[in-house]
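*Asks:* First the structure, then my questions, so here it is.
The values are calculated or read from the model by the stated rules, or taken from the named source; none is laboratory data. What you see is a predicted model, and the numbers here were worked out from it, not measured in a lab. Ideal geometry is used to build each Cβ from the backbone, glycine not excepted, and the neighbour counts take in all protein chains shown.
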Amino acid sequence: MSDMIEIRWHGRGGQGAKTASLLLADAAFNTGKYIQGFPEYGPERMGAPITAYNRISSSPIRIHSNIYEPDYVVVVDDTLLESVDVTSGLKEEGAIVINTTKGKDELEKLLKGYKGKVYTIDARKVSMETLGKYFPNTPMLAAIVKVSKIMNEDEFVKDMQGSFKHKFAKKPEVIEGNMKALELALKEVKEIQ
Amino acid sequence: MGIRERLSGNEAAATAMKQINPDVVAAFPITPSTEIPQYFSTFVDNGQVDTEFVAVESEHSAMSACIGAEAAGARAMTATSANGLSLMWEMIYIASSLRLPIVMSLVNRAVSGPLNIHNDHSDAMGVRDSGWIQIFSETNQEAYDNLIMAHRIAENKDVLLPLMVCQDGFITSHSIENIELLEDEKVKEFVGEYHPAHYLLNKKEPIAVGPMDLQAYLFEHKYQQAEAMRNAKKVILEVAKDFEKMTGRKYGLFEEYRLDDAEIAIVCMNSTAGTTKEVVDSLREKGIKAGLLKIRVYRPFPEEEVAKVLSHLKAVAVLDKAESLNGAGGALFTDVTSAMQVNGINVPTCGYVYGIGGRDTTTKEIESVFNDLVEDSKKDRIENPYRYLGLRKE
C-alpha cells in the first residue's frame, strides 16, 4: 500500500472537477494501476463547492472512505481558497495545484502557512486560447499529472486522445481543442518559488 | 481469463444484468440506484439485450410487474434504493410468499425521514425478514459477481425465493474502480436458461397464483418458506463453488479476514469491510491480533457458522449501519449475539451503530473500535454494549 497516491479535488458545481477526477482515474487505469475515482455528493448546484477524490496504487485498493490526508490537492476555482480549507490534512511532502493568476504573497496568506510545494496555472487563459470557452477541468487534469508524475506525460497525452474520443463521441469538434488544452497546460503549470 | 475494466458499482450491476439478459426488467428511478435502469434501458435500445423493459410509474408497480412476469414463467429483475423499496413493501412479501425467484439490485440508502439520499443499510434492514435472500457486497466486483450467481440460487428447486444483492449507495455505486468482468458467453452458460416447474403461461397445466390461504394452510406455507430459506445456505455454497471454478474468486457465507488467530474482531457488511481490512493489517504490524468477519449472506443468517468462527475470540464488535429504534441494539448485533447464545458461545460482544445517512467512516474510527476491544477483552463482561461510532456528541 506504500505507493498509494491520494488526490483531493476542490471545485464548483459545473466546472467539471468530478469529470476530471474520473478522467484521471481512467488514464491511470490505462497504465495498469488500481484506481478509485469518486465525488462527494452533496446538494449539487451550479456553483456550489464540490469535492472529488482519487486513489491510485499498484496494488488493489480496499479502503472506502473519503480522503483526509491527501498527497495532492487540486483547486479548480481560486475563489474557494477563501471559503474552503483546501490544505486541510495535505501532506507537506505533497503539493497543491491551483487555477489562479494570484502571486506568491497573496497565495501564502490564503494557504494558511502550508509548507509544501505550490503550483499554479492560469487555466482560464489555457482554456480560452485552446477551446475558446472556459472549461478549467482539462487544463487542471494535465497540471496534476505533471505535478504528481503519476504517469509519463507522452503516455498520458496519447491515452487522453482515446478518452476524449469516447467522451465526446457526439461532439467530435471539441476533441482537438481539448488535446491542445492538455498540451499547453503541461507547459504552463509552474511552481511558485 | 476475465476482462480488465474499471466501472462504478452501478455500471457493474447494469453490466451483470446485460450479460444475464433477463426476460423482463421493471424499474422506477431513485437515487442512488437510478443509473442501473438508466444504463439498462440503453442496452435495450441498442439491441444488446432482448429484455422487455417496463418503465413503470412507481416502485410498487415495478415489483408488481416483476411478480406478474415471474408468475407467467419469465425471469425478472429490478433495481431500487431506500424509499423505492419502502413503496414496494406490500409486493416484497407477496413475491417471496409466491416463491418467485425475482432478483433485485438494492443500492443501499437511508430510508426517509428526514430526507437523506446517502448510504446506510436501513432499507435492507427493513425487509430483512420478508423472505428475500440478502447478499451484501464489499466492492463493485462483488456486486457484479453476486448478481451473476443470484439466479442460480434463487431459482434452485429447493429454494425458489427472491434475492437481493446489496451494495453501498455512492460509496461503491458511484465510485469508479477496477473490476474483472466475465465474457458474455461464460455468464450465459453459467446462469443457464430458466425453466420453471409451474407457471401461468403453461397451457398444459392450468394453475392459480396467489389465491386465498386461510387457517387451513397458511401456517404450513410459511413453514415451507422458512425451510426454503434454510435450504438456501447449502445452495449458495454450491453455486459459489461453481463460480470459483470459473473465475478463481472464492465466496462463502462470509469472509474471514485474519480471523483464525485473532483475539479481537469486527463483524460488518459491505464497503466498511474493505476499510476494516486495511486497519487490521496496520494493527497486525503493531502486534495487535485484530481480525474481521465480513457477513456476505445476511439472509439466511448463517447463525451456527458465525457463532463457530467467533468462538475463540476475547472480544467482538458488531457494526450496524442502521439504527434499530428498539432500545436493544442493531439488527446485525442482535443476530450475532443471539447466534452465540443459542450455540453456547460466550464471547464479550458489543454493538456500534455507525455511518448513518452517509456519515463517512474512516480508518481512524475503525481503529478506535479495535482499541476499545483491547480494553474490553481484559474484562469478563461488556458493560456498555450499545455504542455509537462517529456520532457527534455536541
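*Asks:* In the list B:Leu319, B:Leu325, B:Leu332, which residue meets the criterion of being part of a strand (DSSP E or B) and closer than 30 Å to B:Ala226 by Cβ? Please lay out each step first, then the result.
*Replies:* On the way: B:Leu325 fails: part of a strand (DSSP E or B); B:Leu332 fails: part of a strand (DSSP E or B).
Sole residue among the options that is part of a strand (DSSP E or B) and closer than 30 Å to B:Ala226 by Cβ: B:Leu319.
*Asks:* In region A:51-98, how many residues are within 14 Å of another protein chain (Cβ to nearest Cβ) and either on the phi > 0 side of the Ramachandran plot or more than 13 Å from the chain's Cα centre (by Cα) (or both)?
*Replies:* Within region A:51-98, the first condition is being within 14 Å of another protein chain (Cβ to nearest Cβ), and the residues that meet it are A:51-70, A:88-89.
From the residues that got through so far, the ones that are either on the phi > 0 side of the Ramachandran plot or more than 13 Å from the chain's Cα centre (by Cα) (or both) too are A:56-69, A:88-89.
Residues in region A:51-98 being within 14 Å of another protein chain (Cβ to nearest Cβ) and either on the phi > 0 side of the Ramachandran plot or more than 13 Å from the chain's Cα centre (by Cα) (or both): 16 in total.
Results for (1) of a type in the set (A, V, I, L, M, F, W, C); (2) out of contact with any helix residue (DSSP H, G or I) (no Cβ under 9 Å at 6 or more places or on another chain), shown as yes or no for each residue.
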{"position": "B:Arg299", "(1), (2)": "no, no"}
{"position": "B:Val309", "(1), (2)": "yes, yes"}
{"position": "B:Asp320", "(1), (2)": "no, no"}
{"position": "B:Ala331", "(1), (2)": "yes, no"}
{"position": "B:Ser338", "(1), (2)": "no, no"}
{"position": "B:Asp372", "(1), (2)": "no, yes"}
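*Asks:* What about A:Ala27, is it touching a residue at least 12 places away in the same chain (Cβ under 8 Å), of a type in the set (A, V, I, L, M) and in contact with a Lys or Arg (Cβ under 7 Å, 6 or more places away or on another chain)?
*Replies:* Working: touching a residue at least 12 places away in the same chain (Cβ under 8 Å): yes; of a type in the set (A, V, I, L, M): yes; in contact with a Lys or Arg (Cβ under 7 Å, 6 or more places away or on another chain): no.
In short, no.
*Asks:* Right, next: For region B:336-351, indicate whether the set of residues that are out of contact with any strand residue (DSSP E or B) (no Cβ under 7 Å at 6 or more places or on another chain), outside any strand (DSSP E or B) and either under 24 Å from B:Gly287 (Cα atoms) or charged (D, E, K, R) (or both) is non-empty.
*Replies:* no
*Asks:* Let me ask something else about it. Looking only at region A:42-49, decide whether some residue is under 20 Å from A:Asp71 (Cα atoms) and more than 9 Å from every other protein chain (Cβ to nearest Cβ). Quick ask: steps written out before the conclusion?
*Replies:* Of region A:42-49, the ones under 20 Å from A:Asp71 (Cα atoms) are none.
Looking for residues that are under 20 Å from A:Asp71 (Cα atoms) and more than 9 Å from every other protein chain (Cβ to nearest Cβ), one finds none in region A:42-49, hence no.
*Asks:* Take the residues in region B:199-248 that are aromatic (Phe, Trp, Tyr) and either touching a helix residue (DSSP H, G or I) at 6+ places or on another chain (Cβ under 6 Å) or not in a helix (DSSP H, G or I) (or both), then tell me which one is nearest to B:Tyr93 (Cα to Cα). Talk me through it step by step, then tell me what you get.
*Replies:* Kept after step one, since they are aromatic (Phe, Trp, Tyr), are these residues of region B:199-248: B:199, B:217, B:219, B:223, B:243.
If we keep only those that are either touching a helix residue (DSSP H, G or I) at 6+ places or on another chain (Cβ under 6 Å) or not in a helix (DSSP H, G or I) (or both) as well, we get B:199, B:217, B:243.
On the way: B:Tyr199: 19, B:Tyr217: 17, B:Phe243: 29 Å.
For region B:199-248, the residue satisfying everything is B:Tyr217.
*Asks:* When you go through B:Lys250, B:Lys222 one by one, which is the residue that is under 26 Å from the mean Cα position of the chain (by Cα), on the phi < 0 side of the Ramachandran plot and surrounded by fewer than 12 Cβ atoms within 10 Å (Cβ to Cβ)?
*Replies:* Values: B:Lys222 fails: surrounded by fewer than 12 Cβ atoms within 10 Å (Cβ to Cβ).
Within the list B:Lys250, B:Lys222, the selection yields B:Lys250.
*Asks:* On the given criteria, is B:Thr362 of a type in the set (S, T, N, Q), closer than 17 Å to B:Thr275 by Cβ and modelled with pLDDT of 95 or more? Before you say what the answer is, go through the steps one by one.
*Replies:* Numbers: of a type in the set (S, T, N, Q): yes; closer than 17 Å to B:Thr275 by Cβ: yes; modelled with pLDDT of 95 or more: yes.
Yes: the conditions hold for B:Thr362.
*Asks:* Further, regarding this structure: Mind listing whichever residues of region B:228-251 are more than 14 Å from chain A (Cβ to nearest Cβ) and more than 18 Å from B:Trp132 (Cα to Cα)? Give the derivation first.
*Replies:* Here is the first cut: in region B:228-251, the residues more than 14 Å from chain A (Cβ to nearest Cβ) are B:228-248, B:250-251.
Selection gives B:Glu238, B:Ala240, B:Lys241, B:Asp242, B:Phe243, B:Glu244, B:Lys245, B:Met246, B:Thr247, B:Gly248, B:Lys250, B:Tyr251.
*Asks:* Further question: Of all residues in region B:362-390 being within 30 Å of A:Ile67 (Cβ to Cβ) and among the polar types (S, T, N, Q), which is nearest to the other protein chains (Cβ to nearest Cβ)? So that I can check it myself, show each step before the final result.
*Replies:* Looking only at region B:362-390, we keep the residues that are within 30 Å of A:Ile67 (Cβ to Cβ), and these are B:362-375, B:387-390.
Then keep just the ones that are among the polar types (S, T, N, Q); that gives B:362-363, B:368, B:371.
Values: B:Thr362: 5, B:Thr363: 7, B:Ser368: 14, B:Asn371: 18 Å.
Per the stated criteria, the residue is B:Thr362.
*Asks:* Could you identify the single residue in A:Thr120, A:Thr101 that is farther than 15 Å from A:Ser148 by Cβ, of a type in the set (Ser, Thr, Tyr), more than 14 Å from chain B (Cβ to nearest Cβ) and assigned to a loop (DSSP other than H, G, I, E, B)? Please lay out each step first, then the result.
*Replies:* Numbers: A:Thr120 fails: assigned to a loop (DSSP other than H, G, I, E, B).
Just one listed residue meets the conditions, A:Thr101.
*Asks:* Sticking with this structure for a sec: Name the residues in region B:254-276 that are crowded, with 19+ Cβ neighbours inside 10 Å and of a type outside the set (A, V, I, L, M), would you?
*Replies:* In the first step, residues of region B:254-276 are kept if they are crowded, with 19+ Cβ neighbours inside 10 Å; the result is B:254, B:257, B:259, B:262, B:264-276.
Residues satisfying the conditions are B:Phe254, B:Tyr257, B:Cys268, B:Asn270, B:Ser271, B:Thr272, B:Gly274, B:Thr275, B:Thr276.
*Asks:* Considering only residues of region B:70-110 that are in a loop (DSSP other than H, G, I, E, B) and within 16 Å of the chain's Cα centre (by Cα), which is nearest to the other protein chains (Cβ to nearest Cβ)?
*Replies:* So in region B:70-110, the residues in a loop (DSSP other than H, G, I, E, B) come out as B:73-75, B:81, B:98-102, B:109-110.
Next, from what is left, pick out any that are within 16 Å of the chain's Cα centre (by Cα): B:81, B:101-102, B:109-110.
Values: B:Ser81: 13, B:Pro101: 30, B:Ile102: 28, B:Arg109: 11, B:Ala110: 13 Å.
Result: B:Arg109.
*Asks:* Quick one: in region B:154-171, which of the residues that are assigned to a loop (DSSP other than H, G, I, E, B) and within 14 Å of chain A (Cβ to nearest Cβ) is nearest to B:Asn108 (Cα to Cα)? Walk me through how you get there before you give the answer.
*Replies:* At the first step, the residues of region B:154-171 found to be assigned to a loop (DSSP other than H, G, I, E, B) are B:155-162, B:169-171.
Then drop every residue that is not within 14 Å of chain A (Cβ to nearest Cβ), which leaves B:169-171.
Numbers: B:Gly169: 5, B:Phe170: 9, B:Ile171: 10 Å.
By that ranking, first place goes to B:Gly169.
*Asks:* Taking B:Thr361 as the residue in question, decide whether it is within 25 Å of B:Arg258 (Cα to Cα), assigned to a helix (DSSP H, G or I) and not charged (D, E, K, R). Give the derivation first.
*Replies:* Values: within 25 Å of B:Arg258 (Cα to Cα): yes; assigned to a helix (DSSP H, G or I): no; not charged (D, E, K, R): yes.
So B:Thr361 does not fit the description; no.
*Asks:* Does B:Ala150 qualify as being under 12 Å from the mean Cα position of the chain (by Cα), within 14 Å of chain A (Cβ to nearest Cβ) and either among the polar types (S, T, N, Q) or not in a loop (DSSP other than H, G, I, E, B) (or both)? Break it down into steps so the answer makes sense when it comes.
*Replies:* Details: under 12 Å from the mean Cα position of the chain (by Cα): yes; within 14 Å of chain A (Cβ to nearest Cβ): no; either among the polar types (S, T, N, Q) or not in a loop (DSSP other than H, G, I, E, B) (or both): yes.
Judged against the criteria, B:Ala150 is not a match.
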